[in-house]
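A.B. asks: Structure in structure tokens, see below.
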Amino acid sequence: MAGSGSSMLYSFLLFTVILSLQEMYRGKLASSELFTILGGFISSLLFLVLLTFLGNFQETCAMRTGWGAVIVAEAVALIAASTVHRVCITTCFLFSAGLLYELNKLSGGALSKSESRAKRH
């Protein structure tokens, strides 16, 4: 597993690459209904990597803001989606909600595993 610093760097680089590619191909993404939905999904990936970046940044600075990182990451992703098409905003929000649910479920399972290991030792 990558450390907080390297994960933060990788997620920032991935955010930059995804955002750049989305802006380069925004005309193509707005050209049809299917590509518009794809544009919303790509924006939700921006949400995911930005949330990873902000979470790792908070961990390295030893601070906790709770839902603040989620709101900031979602706002940035929705603004990026709005540069492609209006429908991308809605699909980005829906895909981001699904990704956040799955991420919460995954982290909860990992946390319960680590707590059960700590109790055994």
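The values are calculated or read from the model by the stated rules, or taken from the named source; none is laboratory data. Note that the structure is predicted; figures quoted are calculated from it, not measured. All Cβ positions, even for glycine, are placed from backbone atoms using ideal geometry, and neighbour counts span all protein chains on display. Surface accessibility is based on the protein's heavy atoms, side chains included, excluding ligands, DNA and RNA. Shrake-Rupley method; radii C 1.70, N 1.55, O 1.52, S 1.80 Å.
A.B. asks: Would a scan of region 20-43 turn up a residue that is surrounded by 14 or more Cβ atoms within 10 Å (Cβ to Cβ) and among the acidic types (D, E)?
C.D. replies: Scanning region 20-43 turns up no residue that is surrounded by 14 or more Cβ atoms within 10 Å (Cβ to Cβ) and among the acidic types (D, E).
A.B. asks: Could you check L99 against (1) open to solvent by 60 Å² or more (accessible area, probe 1.4 Å); (2) under 19 Å from F15 (Cβ atoms) and say which number it fails?
C.D. replies: (1)
A.B. asks: Just to be sure before I move on: is V87 among the aliphatic types (A, V, I, L, M) and open to solvent by 50 Å² or more (accessible area, probe 1.4 Å) in the structure I sent?
C.D. replies: yes
A.B. asks: Within region 57-83, how many residues are modelled with pLDDT of 95 or more and either polar (S, T, N, Q) or open to solvent by 40 Å² or more (accessible area, probe 1.4 Å) (or both)?
C.D. replies: Residues that pass the stated criteria total 8.
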